[in-house]
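Reading through the structure tokens given below for one structure.
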Amino acid sequence: MKINHELKVDLGERAYPIYIGRGLLDESGPLGRHIAGSSALVVSNTTVAPLYLEAVQQALDENGTRQDAVILEDGEQHKTLAAVETIVDRLIEARHDRQSTVIALGGGVIGDIAGFAASVYQRGVNFVQLPTTLLSQVDSSVGGKTGVNHPLGKNMIGAFYQPRCVIADVGSLDTLPARELSAGLAEVIKYGLIYDADFFAWLEQNIDALVARDADLLAEAVLVSCRIKARVVELDEREAGLRAILNLGHTFGHAIEAVMGYGNWLHGEAVAAGMMLAIDMSIREGLIDEAVRKRAAALLERASLPVAPPGEISGAQFLDAMAIDKKTLDGNIKLVLLRALGEAFVSGDYDRDKLLQTLPA
């Protein structure tokens, strides 16, 4: 085991550490320190469980933790209330009490489902994140957003519920399909666009090595991404203002996922196309220039990510889906825009005609 980095998400009594390293899933130490009671339920899926469940169960055994597991179907299309009910059923059947810990072993879908189940079981039990995809390590496992999708909108049912810790084993990225790795890189690139122009420049220098899975550079990308997200979450835990900048491209991207059918476009792919739409809108509003668009498109393409939405979605379909977005208030669709590379803001005060020009015909 090697903990390369340790961060703290400083939220007062809800503060927790993020461990980043290689081989962390095989060790009882980091996990055992954050199991409050004597029992745990591991939630995973049919793809991740055959790879890593045994190691996690062995680590729990070494810690003396009574445990069992729920294995869900893999895919965004299974991020539903029915999946939450499956977890709760097992918690009740196995007599898990308020001191039990729910452990999410998988990507962002598993983390969101398991976290939401933990938040509602007996009004809240302990929760630990073991993210195994790049997207979940740099984004969804940090910050306490949990929930499931509704057929009409993504993440419309959920809660803010912070984990006791996040253990990001970058060794799990070795088994990640190339498409999933690219999807995670979309969220990494997002941090450069919204918060840190120097990090964006670092990504431009190192994106080819990241795609090739350079272990040290991936650990560095996870570290910087988590550091930025932790900082934003500390300032705005429940997305009252600043935290919404983390949703650059997501209002457009969630529309793509909903219209195309959950799972057909990966979340990171939809976000990548959505970020380019947000950049286009920022240019039309006179906030940034073409140079930002060119740099962003070039970086996304080098990461094997789309830079345009699917051609079969019309502007009307976009607007209908975007109107259900959680940032929409009183019918006003809020957008995350850029006023500079590395500087994002949320606005509902924009020219609607320019939004229509940004969207497909």
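Structure notes:
- For peptides 333-341, 243-251, sequence by mean Cβ density within 10 Å, most packed first: 243-251, 333-341
- Projected label distance in nm at Glu290 and Glu312, using a 7 Å step from Cα toward the beta-carbon: 3.3 nm
- Normalised by residue count, the chain yields a Cα convex hull volume of 117 Å³ per residue.
- Antiparallel beta bridges, as assigned by DSSP with both residues in region 2-174, represent about 35 percent of the total such bridges.
- Compared with the dominant principal axis of the Cα atoms in the chain, helix 49-62 is inclined by about 40°.
- Counting only DSSP beta bridges with both residues in the chain, the antiparallel share comes to about 45 percent.
- The calculated 222 nm mean residue ellipticity attributable to helices in the chain amounts to -13500 deg cm²/dmol, summing -39500 (n - 2.57) over DSSP H runs of n ≥ 4 and dividing by all residues.
- Our summary gives region 2-174 a relative contact order of 25 percent, counting only alpha carbon pairs under 8 angstrom and 6 or more residues apart.
- Once the Cα gyration tensor of region 3-58 is diagonalised, semi-axes √(5λ) in Å: 22, 15, 11
- Region 145-278 - Rg and Dmax from Cα coordinates, angstrom: 15.1, 40
- Over region 2-174, all Cα pairs binned in 10 Å intervals from 0 give whole-percent P(r) values of 11, 44, 37, 7, 0, listed from short to long.
- Computed from the C-alpha gyration tensor, the three semi-axes of the ellipsoid equivalent to region 178-358 are 25, 18, 16 Å, from longest to shortest.
- Neighbour-limited loop hits for GluC sites (Glu not before Pro), region 4-39 (at most 16 other Cβ within 10 Å; DSSP other than H, G, I, E, B): none
- Within the listed set Asp351, Asp208, Asp112, the residue fluctuating most in the Gaussian network model of the chain (springs between alpha-carbon atoms under 10 angstrom) is Asp351.
Every read-out reported here was derived from the displayed coordinates using simple, explicitly stated rules and does not represent laboratory data. Note that the coordinates shown come from a computational prediction; the quantities given were computed from them, not determined experimentally. When we count neighbours, we look across all protein chains shown, and the Cβ atoms used for this are built from the backbone with ideal geometry, even at glycine.
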